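This is the structure I want to talk about, given as structure tokens.
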Amino acid sequence: MSVVARGRGQRKLCDIRGAGSGGRWCERGCGQSRSVFEISVFENFGRAMRAPAALQTAIPMEVIIRDSAEAGCVLGAKILASVIREKPAAVIGLATGRTPLRLYQELIRLHREDGLDFSQVTTFNLDEYVGLAGTHGQSYRYFMQENLFRHINIDLTRTHVPNGIASDLHVECRAYEEKIIAAGGIDLQLLGLGRNGHIGFNEPTGSLRSRTWIKILSEQTLRDNSDVFGSMDLMPKHALTMGVGTILDARRCLLLAFGPAKVRAVEHMVEGPLAAICPGSALQLHPRATVILDENSAAGLRYADHYRWIDRNKFAWQRHG
Ligand code: GLP
């Protein structure tokens with residue numbers, strides 16, 4: 001277990017480039033030091049996928065606070081759409097749960113009214129319940145089909161959700177990792193945040209270097225997600241999920257968290273120590289993570305005014321609109 005705060009102040013902005021290319025935080029070659037911890041973590045996470053470029057472009061976690069979940073979802077959809085417009089064959093990591101529903105509606109609107117084209121996009125969902133076939137009404141494959149895929153022009157053969165009824169779940173997990181690598185890695189991973197700080201189905205105290213695997217759901221998560229199943233007893237207790245290491249390998253992460261139930265998890269994820277008790281805190285290590293909150297979920301943040309200040313003073317090329 002690691003309990004170490006990330007030393008954001010150790011990085012210096014050493015090269016601001018022109019419009020569209022984004023600022024570059026230099027990790028090497030400009031004289032500043034990184035902690036031994038930071039070096040070892042960056043260089044050990046997901047060796048298979050880690051592109052050297054990602055090491056050279058780490059920027060601080062971007063925290064954006066909007067008035068409402070509605071506004072946050074519209075902004076999230078805009079960011080995701082911009083990735084697809086820039087790279088039509090983008091590989092997008094998708095999430096389920098209540099949080100991204102409005103974002104998916106906005107993507108559907110952008111597809112219908114603004115020509116957002118999904119025909120070359122590949123997707124990988126974070127997780128799936130063990131024991132549920134894709135046709136089951138509570139499976140995440142079904143969720144994606146109903147809430148996004150059937151409304152857009154995506155090629156279903158390019159959409160991936162772990163198979164919760166695979167005959168060998170271990171093989172399924174390894175194959176999922178291989179498929180992500182074969183697709184060229186994930187360009188942007190969309191994430192929600194569990195009330196207990198989980199991302200995907202990576203529950204507290206799990207390894208921050210984990211890969212896609214079979215996880216036992218916590219009682220808190222069972223309680224939080226059981227409403228759609230009718231009761232906790234009817235709910236699967238296990239899931240296949242991308243690991244925290246898998247998530248950190250994405251080139252960008254975009255996490256949404258709204259509402260008062262997420263206050264503590266958000267506080268720990270953004271400002272708490274990097275610790276396996278809050279898997280979301282691993283995003284502090286990510287070279288390009290954006291977190292979109294509403295006023296309710298941001299209520300516990302000590303530096304909320306600082307994030308608002310940063311947001312107001314961004315360069316034009318840093319704004320998402
Ligand atoms: C679920 C999912 C997560 C999701 C989280 C939050 O368990 N596995 O990917 O982010 O819980 O759910 P919600 O958005 O409904 O609050």
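Subtract the Cα-Cα distance of residue 310 and residue 70 from 0.36 nm times their separation in residues, and report this length gain in nm to one decimal.
Gain on stretching residue 310 to residue 70: 84.3 nm.
Explain nothing, just compute: Karplus ³J(HN,Hα) = 6.51 cos²θ - 1.76 cosθ + 1.60, θ = phi - 60°, for every residue of the range 227-241 in order, whole Hz, x for Gly and Pro.
Values, residue by residue: 4, 6, 8, x, 7, 4, 5, 8, 9, x, 9, 10, 8, 9, 9 Hz.
At 1.4 Å probe size, put 309, 317 in order of accessible surface, largest to smallest. Let's see the in-between values first.
Details: 309 140, 317 70 Å².
Solvent-accessible surface, decreasing: 309, 317.
Can you give me the accessible area per residue for the range 168-261, using a 1.4 Å probe, in Å²? Write down the numbers at each step before the final one.
Details: 3680 Å² over 94 residues.
Per-residue accessible area for the range 168-261 comes out at 39 Å².
If I compute solvent accessible area with a 1.4 Å probe over the protein chains, what percent of it on the range 104-220 is carbon and sulfur?
Heavy-atom surface of the range 104-220 belonging to carbon and sulfur, 1.4 Å probe: 48 percent.
Give me the distance between the Cα centres of the range 176-235 and the range 96-126, rounded to whole Å.
20 Å
Another question, if that's okay. Treating the range 62-221 as a set of equal point scatterers at the Cα positions, no solvent, please give the Debye-formula log₁₀ I(q)/I(0) at q = 0.16, 0.20 Å⁻¹.
-0.98, -1.49
From largest accessible area down, sort 66, 112, 288; use a 1.4 Å probe on the protein chains. Intermediate results must be reported in sequence, preceding the final value.
On the way: 66 60, 112 160, 288 105 Å².
Output order, biggest surface exposure first: 112, 288, 66.
Could you tell me what percent of the accessible area of the range 254-321 is made up of carbon and sulfur, with a 1.4 Å probe and every protein chain present?
Result for the range 254-321: 53 percent of the exposed heavy-atom area is carbon or sulfur.
The values are calculated or read from the model by the stated rules, or taken from the named source; none is laboratory data. This is a predicted model, so every value here is computed, not measured. Side chains are part of the model used for accessible areas, which takes the heavy atoms of the whole protein and leaves out ligands, DNA and RNA. Shrake-Rupley method; radii C 1.70, N 1.55, O 1.52, S 1.80 Å.
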